[in-house]
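K.L.:
Right, I'll just put the structure down here and ask away after.
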Amino acid sequence: MPVVTTNRDEELHWLALRLVPGLGARSAGKLIAQFRTPQAVFRASRTQLEGAGLSGALAQSIASGCSFEDAVLQQEKMLETGTAAIAITDPRYPALLREIFDPPVVLFARGRLELLGAIMLGVVGTRRPTPYGIAAAERLAGDLARAGLAIVSGMARGIDTAAHKATLAAGSDTVAVLGCGVDIVYPAENRNLSAEIAAKGLILSEFPMGSTAFPQNFPIRNRIISGMSVGLLVVEGAQYSGSAITARLALDQGREVFAVPGNITSKMSWGPNLLIKQGAKLVQDWNDVVVDLPPEVRRQLIENGKNRLLAQGLSPQVATSDPVQASFINGNISRRLLEKLKPDATTHLDVLVESLEDLSASEIIASLFELELTGLVKQLPGKNFVKVW
C-alpha cells in the first residue's frame, strides 16, 4: 500500500537512491519492489544487492552511501524553491504513470500538487510550428481544458508553449514536464510562462534540481508526458520528430493517440498525417478527443463537471430539471440549443450549426458539452444529440 513520505529522513533516502550514479529508473524500481523502502536498499549488503541483479560496481556504489551528500544539497535546493519530492510509493504519485514499464522512482514537483491526481491529456508538437499549427494547438488545448482535462506538455517553444498558454488563458489546469531540473527555465524565453505555471499549474521533472537540459533528456521525459495521460494529441511534427517518438511511447503504454491532420505539402504535417494512416484518431475539434476516451474517463469528466456547477451554486435539482438555470454558463447559447433539441428525435451537429448561423461551431460544441455535463443533453453516435430532461 503506498505511503506518503512523512519526514525529511525518508525523503533523503529517496533522493539518495535517485542520485546513485548509473542506477536507472527500471533498476531502481526493481530494488523498491524487492526491498520495499529506500532505507532497506541502503541497509542491504553488497551481496544482497548483487543478488537483486545489480553489477558489483553499482552494488558497491549503493552500499558506500556516496550519494547522500548530493541528496542533502538537493533537499536544500528544494526547500529554497518550494519543490516537493513525490516518491513512487506516495499515493499522490500519478496512478497511470506508475503502471508504465519504467516509471521514475521520484518526481520533483513545483506548484499545485493536487494536479497529480487530475485527468490529464498530453499535447505535443514541433518546436517550429506553422501558423495553422499554433492556431490548432491553442483552440484544441483551450477547448479540452474547459472540458475538464488537465493539459500536459513539455514547455518547449512552439506547440508546447501554445498549449500551455491557451490552457492558462482558459483558466484551466496545465502541467509542464521538463527535461531539466524544475528550478531551471528552458527555453529561457519561457521564464514568464514557467513562473505562471508554477503559480497556477504544476511543473514536474524526474531530473534532479539544477540539471541542465541536455538533448538526450527529452526523449526520456516524453514517456512521462504520455505515461501520465489518458491520451496524447499530436498537432504538428516531422516524421521522425520528438512528437512522433512520444506517440510511439503512448502506443506502447496503451494510451489513445490523436492527431490533427495537416497540409500534405508541409513537412510539419508528415508526422500527424502518418499517425492517422496508422490508426490514430483524426481530430477536427475537441469532441473528437473526448468521445474516444475510455468510458470511465468520460464518466469522471461528467461527474467533475457537475461538481463544478454545484460549487458555483447550482443545486442538484436545477442541474437535472431546470434547463434555463442550468444554462447559466453560456446563457443564451445553451437556451437556444435546448429549444432546437428534441427528447424523442436526434439532431445532428451539422443541423445545429446551420440553424444557428450567428454562432461559431466551436461555441455550439462547447455549449453542448456543458449541457451534457449537467445531464440535460446526451450525445449519441455520429455526433447526434437529444434532450434528456
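All of the numbers you see were taken from the coordinates with simple rules; none came from a lab. Predicted model only: the values in this text are computed from it and were never measured. Note that we place each Cβ from the backbone using ideal geometry, even for glycine, and neighbour counts take in every protein chain shown.
K.L.:
Over the Cα atoms of the range 1-77, Rg to Rh with Kirkwood Rh, two decimal places?
P.N.:
Here the Rg-to-Rh quotient is 0.95.
K.L.:
Where does the chain land at 222 nm, in deg cm²/dmol rounded to the nearest 500, when only DSSP H runs of n ≥ 4 count, each adding -39500 (n - 2.57), divided by all residues? Spell out each step's value before the answer.
P.N.:
On the way: 20 runs with 191 residues, N = 389.
Roughly -14000 deg cm²/dmol at 222 nm, from the helical runs in the chain.
K.L.:
So, one more: Run through the DSSP bridge list for the chain and note the antiparallel percent, rounded to the nearest 5.
P.N.:
Percentage antiparallel, nearest 5: 45.
K.L.:
For a quick check: with amide H placed at 1.01 Å from N, whose amide H comes under 5 Å from M120's, ignoring anything fewer than 5 positions away on the same chain?
P.N.:
Excluding prolines and chain starts, which carry no amide H, the hits are A150, V230.
K.L.:
Moving on. If R0 is 22 Å, what FRET efficiency do you get for E363 and N307 from their C-beta distance, rounded to 0.05?
P.N.:
In this case the efficiency is close to 0.40.
K.L.:
Would you list which aspartates and glutamates come within 13 Å of K30, measuring only between C-alpha atoms, while excluding same-chain residues fewer than 8 positions from it?
P.N.:
E50, D102
K.L.:
For the pair T81 and Q34, what calculated FRET efficiency results from E = 1/(1 + (r/R0)^6), where r is the Cβ-Cβ distance and R0 = 30 Å, to the nearest 0.05?
P.N.:
The calculated FRET efficiency here is 0.35.
K.L.:
Suppose each label sits 7 Å from its Cα in the direction of the beta carbon; what would the Q284-H348 distance come out to in nanometres?
P.N.:
1.1
K.L.:
Taking only Cα atoms and a 10 Å spring cutoff, compute GNM fluctuations for the chain and point out the largest among S229, S205, S360.
P.N.:
Its mean-square fluctuation being the largest, the pick is S360.
K.L.:
Let me ask something additional. If I model a spin label as a point 7 Å beyond the Cα along the Cα-Cβ vector, how far apart are those points for A135 and R335 in nm?
P.N.:
3.2
K.L.:
In addition: Just how many % of Cα pairs in the range 98-178 lie over 17 Å apart, if you round to the nearest whole percent?
P.N.:
Cα-Cα pairs of the range 98-178 separated by over 17 Å account for 46 percent.
K.L.:
Could I ask something else about it? Could you tell me the center-to-center distance, by alpha carbons, between the range 237-282 and the range 156-174 in angstrom?
P.N.:
Taking the Cα centre of each part, the range 237-282 and the range 156-174 sit 20 Å apart.
K.L.:
Taking the Cα centre as origin and putting +1 on Lys and Arg beta-carbons and -1 on Asp and Glu beta-carbons, what dipole magnitude results for the chain, to the nearest 20 debye?
P.N.:
That gives the chain a dipole magnitude of about 480 debye.
K.L.:
Cross-link list K267/K387; K281/K342; K277/K383: which exceed 32 angstrom alpha carbon to alpha carbon?
P.N.:
The answer is K267/K387.
K.L.:
What do you get for Rg/Rh over the chain if you use C-alpha atoms and the Kirkwood form of Rh? Let's see the in-between values first.
P.N.:
Values: Rg = 23.1 Å, Rh = 22.4 Å.
Reported Rg/Rh (Cα atoms, Kirkwood Rh): 1.03.
K.L.:
Then there is this: Taking N as the number of residues in the range 36-156, what value does Rg over Cα atoms divided by 2.2 N^0.38 Å take? Write down the numbers at each step before the final one.
P.N.:
Values: Rg = 19.8 Å, N = 121, 2.2 N^0.38 = 13.6 Å.
That ratio works out to 1.45.
K.L.:
At 0.36 nm per residue, and after removing the present C-alpha to C-alpha distance, how many nm does the segment from A57 to D292 gain when stretched out fully?
P.N.:
Working it through step by step, the gained length comes to 79.8 nm.
K.L.:
Expressed as cubic angstrom per residue, what is the convex hull volume of the alpha carbon set of the range 118-290?
P.N.:
Once divided by residue count, the hull of the range 118-290 is 98 Å³.
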